There are 2 protein chains.
Amino acid sequence: MRSPDVTSAGDPARTLALLWREPSTAARRGPQRGLNLDAVIEAATAVTDTEGLTGLTMRRVAQELRVSPMTLYTYVPGKAELLDVMLDAAYGRMSRTDTTGQPWRVRLAAVAEENRTLFATHPWTATVSTLRPPLGPGAIAKYEHELTALDGLSLDDVEMDDCLTLLLSFVQTNARVTADARATAQLTTMTDEQWWAAAGPLLARVLDPAAYPLATRVGSAAGTAHGSAHDPAHAYEFGLHRLLDGLATLIERATPAASGNS
Amino acid sequence: MRSPDVTSAGDPARTLALLWREPSTAARRGPQRGLNLDAVIEAATAVTDTEGLTGLTMRRVAQELRVSPMTLYTYVPGKAELLDVMLDAAYGRMSRTDTTGQPWRVRLAAVAEENRTLFATHPWTATVSTLRPPLGPGAIAKYEHELTALDGLSLDDVEMDDCLTLLLSFVQTNARVTADARATAQLTTMTDEQWWAAAGPLLARVLDPAAYPLATRVGSAAGTAHGSAHDPAHAYEFGLHRLLDGLATLIERATPAASGNS
DNA sequence: TCCGTACGCTGTACAATGTACAGCGTACGA
DNA sequence: TCGTACGCTGTACATTGTACAGCGTACGGA
């Protein structure tokens, strides 16, 4: 697999058959299978949860299952398809809170929170580009559930998709920062705090504060406010409120009296 | 380099020295240098602009410069540091519109547009995680310039950084989709449209519309509205307006009469 | 003028990864 | 009972970043 970690990079027909567990073509012959697809998914997910996407190698998963690397290829066409079924399975396991009857802000906040939990449980899911989503049962159920949070408002179908895309995109981007921080810390054997502690003084030696007054003032203020340069939890709270405020002007445009209602 | 494409993955001291072009330690001895750092940056940027981050290999850049791969290591400590100076150089070349005196919405829209232009000119810059930004002259100048767009409003320093981070994060995420689409198309030798044309009918065979009414209705509506499943240009317009609306409630909180003013 | 040495440049080599390929053995259907 | 489809495996190759050692150059000091 090349560097962009993307879903649906394999053959669509083969991938969809795998996602929907289409039954095998003919009667079984030969030796009994020692594993099954779900066992492979489970092992691969366990490895990736703890070691990140860089730890997801066919050899590593095979080792976990006490099997030769090439054995995996009898359960999965390739690594790209494995990633697809892993992600769809994770989508399928997400909890889906029933917020029927609640104000739209509460409903959307719940959707955001469910995705945030997914990204916290499986950090690698935040770093995968789902431009071509895995079209499996998990992803479809997730999409259906999340659209219900936007149903019944005065939005047309395209606007519903727009709002959901914007919201999920924000949550994923925020989670990606955390996942990247973890991966970078492992890669450089240095936490963000350690890196700033090393880079800050070096920067101070070459940087003229008079030439960049705002940058030095705001940069140091932001740096000391949160522990490091970026605080994803703070950015999440801040961004989610701004974003919901922004959606409010769209959702409540015609009926300002309905503020906060479903 | 491992899979996450991140900045500042190398030694901070070595990287900062490179970014700020600190003069070499002692008097030159031995053969004349055939190249210089800027030539390497230029060649690497040209390669990456056309072939994406996957095309950025030391061998490929060396070939461009008609030099052996290992020669590059006399100009740059490693690939990680090369990426840093490439990015900082790109930041340094960005145009910085003077929007002094304009309403804050116009100023922030200009900042967004400048970044959008960067990502359009150098798509790979959108796919790099700048969790630990390259602390070079280009990045600092960019930060200073963008903060001026938020100066003079009733925001404190931390809020200024919050707003800028949220805005830039949105623009980058939007651009990353476009860059990923390009990379995926090249990787799979299939455009997004072709992929949907292949996957759509396959999905229709296994998907029960009655079980997922919203997903099928909204999904197809969104799909036909824009040509494909995602239209980054549409998502940009939609998201930027929502986001500025959301910032408005913060910026204009105390002085609602100042709506749209600087 | 001449030489020692610092340094630019290069070829070779290695580790890690996805996976093509061919072989080996198993157990089901006839 | 036997042929064959199929599960599993070892080997092998291409692609990466880059460590290492060698080779030759040209400057600083005599």
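Only one of these is within 14 Å of another protein chain (Cβ to nearest Cβ) and farther than 23 Å from A:THR173 by Cα: B:ALA80, B:ALA141. Name it.
B:ALA141
When the residues of the range B:213-228 are filtered to those that are buried (at least 19 other Cβ atoms within 10 Å of the Cβ) and facing chain A (nearest Cβ under 8 Å), the one that is nearest to the chain's Cα centre (by Cα) is B:ALA222.
Among residues of the range B:234-253 that are facing chain A (nearest Cβ under 7 Å), those with a beta-carbon under 6 Å from a residue that is in a helix (DSSP H, G or I) and surrounded by fewer than 18 Cβ atoms within 10 Å (Cβ to Cβ) at least six positions away or on a different chain give the pairs B:ASP245/A:THR249. Per the conditions (1) in contact with a strand residue (DSSP E or B) (Cβ under 6 Å, 6 or more places away or on another chain); (2) modelled with pLDDT under 95, the sole criterion not satisfied by B:SER154 is (1). Filtering B:GLU144, B:GLU159 for residues that are touching a residue at least 60 places away in the same chain (Cβ under 8 Å) and either part of a helix (DSSP H, G or I) or more than 16 Å from DNA strand D (Cβ to nearest atom) (or both) leaves a single hit, B:GLU159.
Looking at A:LEU150, A:LEU203, can you tell me which residue is in contact (Cβ under 8 Å) with a residue 40 or more places away in the chain and either over 27 Å from A:PRO123 (Cβ atoms) or not small (Gly, Ala, Ser) (or both)? Unique residue meeting the criteria: A:LEU150. Annotation: A:GLY92 fulfils all but one of (1) within 26 Å of A:ALA183 (Cα to Cα); (2) crowded, with 21+ Cβ neighbours inside 10 Å; (3) among the small types (Gly, Ala, Ser); the unmet one is (2). Here A:ARG116 fulfils each of the conditions (1) under 28 Å from A:LEU187 (Cβ atoms); (2) more than 14 Å from chain B (Cβ to nearest Cβ); (3) more than 21 Å from the chain's Cα centre (by Cα); (4) outside any loop (DSSP other than H, G, I, E, B) apart from (3). What residue, among those in the range B:190-209 that are more than 7 Å from chain A (Cβ to nearest Cβ) and assigned to a loop (DSSP other than H, G, I, E, B), is surrounded by the most Cβ atoms within 10 Å (Cβ to Cβ)? Step by step, filter the range B:190-209, then rank; the result is B:MET190.
Test B:LEU187 against the criterion of being assigned to a helix (DSSP H, G or I), at pLDDT below 95, aliphatic (A, V, I, L, M) and within 23 Å of A:ALA183 (Cβ to Cβ), and give yes or no.
Considered against the rule, which asks whether it is assigned to a helix (DSSP H, G or I), at pLDDT below 95, aliphatic (A, V, I, L, M) and within 23 Å of A:ALA183 (Cβ to Cβ), B:LEU187 comes out as yes.
Only one of the listed residues (A:LEU147, A:LEU131) is modelled with pLDDT of 95 or more and either under 20 Å from the mean Cα position of the chain (by Cα) or assigned by TED's automatic domain parsing to the domain that holds A:LEU168 (or both). That residue is A:LEU147. For A:THR74, the conditions (1) buried (at least 21 other Cβ atoms within 10 Å of the Cβ); (2) over 24 Å from A:LEU150 (Cα atoms) all hold with the exception of (1). Selection within the range A:16-32: residues that are charged (D, E, K, R) and either within 14 Å of another protein chain (Cβ to nearest Cβ) or surrounded by 12 or more Cβ atoms within 10 Å (Cβ to Cβ) (or both). The member of this set that is nearest to A:PRO69 (Cα to Cα) is A:ARG21. Among the residues of the range B:144-177, write down those that are in contact with a Ser or Thr (Cβ under 7 Å, 6 or more places away or on another chain) and either at the interface with chain A (Cβ under 9 Å from one of its Cβ atoms) or crowded, with 23+ Cβ neighbours inside 10 Å (or both). Selection gives B:ALA149, B:SER169, B:THR173, B:ARG176.
Every residue, every condition in (1) of a type outside the set (Gly, Ala, Ser); (2) assigned to a helix (DSSP H, G or I); (3) within 15 Å of DNA strand D (Cβ to nearest atom); (4) more than 24 Å from B:ALA185 (Cβ to Cβ), yes or no:
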{"residue": "B:ARG21", "(1), (2), (3), (4)": "yes, no, no, yes"}
{"residue": "B:SER24", "(1), (2), (3), (4)": "no, no, yes, yes"}
{"residue": "B:PRO31", "(1), (2), (3), (4)": "yes, no, yes, yes"}
{"residue": "B:VAL47", "(1), (2), (3), (4)": "yes, yes, yes, no"}
{"residue": "B:THR50", "(1), (2), (3), (4)": "yes, yes, yes, no"}
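Only a single item in (1) out of contact with any Pro (no Cβ under 9 Å at 6 or more places or on another chain); (2) acidic (Asp, Glu); (3) crowded, with 20+ Cβ neighbours inside 10 Å is not met by A:GLU113, and it is number (3).
Just one of the listed residues (A:THR7, A:THR100, A:THR54) is away from DNA strand D (no atom under 12 Å from the Cβ), under 22 Å from the mean Cα position of the chain (by Cα), surrounded by fewer than 18 Cβ atoms within 10 Å (Cβ to Cβ) and within 14 Å of another protein chain (Cβ to nearest Cβ), namely A:THR54. Checked against (1) near DNA strand C (Cβ under 10 Å from one of its atoms); (2) among the aliphatic types (A, V, I, L, M); (3) assigned to a loop (DSSP other than H, G, I, E, B), A:ALA62 meets all criteria but (3). Test A:ASP180 against the stated conditions and say whether it is under 20 Å from A:ALA109 (Cβ atoms), within 7 Å of chain B (Cβ to nearest Cβ) and either part of a loop (DSSP other than H, G, I, E, B) or of a type in the set (D, E, K, R) (or both). Considered against the rule, which asks whether it is under 20 Å from A:ALA109 (Cβ atoms), within 7 Å of chain B (Cβ to nearest Cβ) and either part of a loop (DSSP other than H, G, I, E, B) or of a type in the set (D, E, K, R) (or both), A:ASP180 comes out as no. The residues listed here are B:VAL61, B:VAL40, B:VAL67; of these, the one that is over 26 Å from the mean Cα position of the chain (by Cα) and either more than 11 Å from DNA strand D (Cβ to nearest atom) or at pLDDT 95 or above (or both) is B:VAL67.
The set of residues in the range A:65-97 being touching a residue at least 12 places away in the same chain (Cβ under 8 Å) and in a loop (DSSP other than H, G, I, E, B) consists of A:LEU65, A:VAL67, A:TYR75, A:VAL76, A:PRO77, A:GLY78, A:MET94, A:SER95, A:ARG96, A:THR97. Are any of the residues in the range A:57-79 of a type in the set (Phe, Trp, Tyr) and closer than 30 Å to B:GLY52 by Cα? Within the range A:57-79 (the criterion being of a type in the set (Phe, Trp, Tyr) and closer than 30 Å to B:GLY52 by Cα), the answer is yes, since at least one residue qualifies.
The values are calculated or read from the model by the stated rules, or taken from the named source; none is laboratory data. Not measured: the values here are computed from a predicted model. Cβ: placed from backbone, ideal geometry, glycine included. Neighbour counts: every protein chain shown.
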